[in-house]
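No value in this document is a laboratory result; all are computed from the given coordinates. Quantities reported herein were computed from a predicted structural model and do not represent experimental measurements. Here Cβ is always computed from backbone atoms with ideal geometry, including for glycine, and neighbour counts include all displayed protein chains.
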Amino acid sequence: MQNPYLPYAVRIEDIITETEDKNLKTFKLAFENPADEEKFAYAAGQFAELSVTGKGEIPIGIASSPTEKGFVMFTVNKVGLVSSHLHTMQPGDLMGIRGPLGNSYPWELLEGKNVVIIGGGFAFTTLRASIVYMLDPANRSRFGDIHVIYGARSPGMLLYRDELAGWEARDDIHMHITVDATDDPHWKYNVGFVPTITEKKAPQADAETYAIICGPPIMIKFTQPVLDNLGYGHDHIIMSLENRMKCGIGMCGRCNIGRHFVCKDGPVFTLAQLNGMPKEY
């Protein structure tokens, strides 16, 4: 059995600076041993621990889709010791990945359903993985209508801007991009907070429609009542508590909410499940 503490060796293949403040970078990682890529079998919504020798490790949501072969991708915010060191690394450098960890979005449940994805800020990573997964030619027919509501503080803080433009050009996905504020006269998308745009753009609920939400707690807090007003049952609202992640295997005890270890029982829960736990949002 794979030692849960032993990371796979990976090499940095490419680094993309995502945002104008340069605090968010996407790392494209290739496995040193091709057999390790097969072992690292993941689904959109899971996370992994990024390991840097001598610095430590950090839990990060997987931004690539399992349909994307030959690499695995993570978007890292520069906020602490490990992430700051990662931001100084270069293509060709070696590091480690431990995982995949946690559960994923419930893809079998979502098959045949309409999906509304709601994201904000740099928490859009696992949602990017989900969109790529659903839009893959082998998978697109498995899902109904797809709506994406994604917001950031300003245009320069949006992630994956080339992909956002590519998705908007498609006719099989509805993109609703927004920023909190902008003075850019050429901005052609929405201006407003994610809950407000959700109220305007999200479809009314029905038995065939599910919402997936991932973002900062304040965004989630104010989006919940909007979805209530649109008629979404709490068993049709899927959320991620990936901001609670620590060791990833339930040993450190720092991710528990009540009797649940988020890294093992989650990080993906329905709102109905969260309603039975101590309040998180």
Exercise. Take the chain, connect every pair of alpha-carbon atoms lying under 10 Å apart with a spring to form a Gaussian network, then pick out the residue of Thr88, Thr19, Thr182 with the largest mean-square fluctuation.
Key: Thr88
Quiz item: If we count other beta carbons within 10 Å of each Cβ, what is the order of Tyr42, Tyr8, Tyr150, fewest first?
Solution: Tyr42, Tyr8, Tyr150
Quiz item: Under a Cβ-Cβ cut-off of 14 Å, what is the net charge of the residues other than Ile118 that fall near it, where Lys and Arg count +1 and Asp and Glu count -1?
Solution: +2
Exercise. Name the aspartates and glutamates eligible as straight-distance cross-link partners of Lys201: C-alpha to C-alpha under 20 Å, and not fewer than 8 places from it in the same chain.
Key: Asp145, Glu168, Asp171, Asp172, Asp180, Asp228
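Using the Cβ atoms and a cut-off under 13 Å, what net charge is assigned to the surroundings of Asp172, where Lys and Arg are +1 and Asp and Glu are -1?
Local net charge: -1.
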Self-check item: Residue with peak Gaussian network fluctuation, the chain [Cα springs, cutoff 10 Å], from Ala152, Ala44, Ala207
Solution: Ala207
Exercise. Subtract the Cα-Cα distance of Glu168 and Asp36 from 0.36 nm times their separation in residues, and report this length gain in nm to one decimal.
Key: 44.0 nm
Self-check item: Calculated from backbone phi, Karplus (6.51, -1.76, 1.60) coupling profile of segment 148-164 in Hz, x at Gly/Pro
Solution: 10, 10, 9, x, 9, 5, 8, x, x, 9, 6, 8, 6, 5, 5, 5, 4
Quiz item: Which pairs, out of Lys22/Lys221; Lys28/Lys69; Lys25/Lys264; Lys200/Lys279, put more than 20 Å between their alpha-carbon atoms?
Solution: Lys22/Lys221; Lys25/Lys264; Lys200/Lys279
Quiz prompt | Cα gyration tensor, segment 1-121 - rounded (a/c under 1.5), prolate or oblate | solution = oblate
Quiz item: What ranking of Ile62, Ile12, Ile197 emerges when the number of other C-beta atoms within 10 Å of each C-beta is taken as an exposure proxy, fewest first?
Solution: Ile12, Ile197, Ile62
Quiz item: Taking amide H positions as placed 1.01 Å from N in the peptide plane, with prolines and chain starts having none, which residues 5 or more places from Thr209, or on another chain, fall under 5 Å of its amide H?
Solution: Asn114
Quiz prompt | Amide proton proximity set for Thr19, modelled H, under 5 Å, gap of 5+ | solution = Leu24
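Given DSSP loops and a limit of at most 14 other Cβ atoms within 10 Å, what is the longest stretch of the chain that contains no such GluC sites (Glu not before Pro)?
The longest uninterrupted stretch comes out as 112-207.
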Practice problem: State, to one decimal in nm, how far the label point of Val191 lies from the label point of Gln204, with both points 7 Å from Cα in the Cβ direction. | Solution: 3.1 nm
Exercise. Using only Cα positions of segment 53-167, each an equal point scatterer, no hydration layer, compute I(q)/I(0) via Debye at q = 0.12 Å⁻¹ and quote the log10 values to two decimals.
Key: -0.51
Exercise. For Ala63, list long-range residues whose amide hydrogen, built 1.01 Å from N in the peptide plane, is under 5 Å from its own amide hydrogen.
Key: Met73, Phe74, Thr75
Self-check item: Cα-projected label distance for Glu20 with Arg140, points at 7 Å along beta-carbon direction, nm
Solution: 3.3 nm
Practice problem: For segment 107-240, count the residues as N, evaluate 2.2 N^0.38 Å, and divide the Cα radius of gyration by that value, please. | Solution: 0.99
Exercise. Would you kindly state how much longer the chain becomes between Lys113 and Leu94 on full extension, computed as 0.36 nm times their sequence separation minus their alpha carbon distance, in nm to one decimal?
Key: 2.8 nm
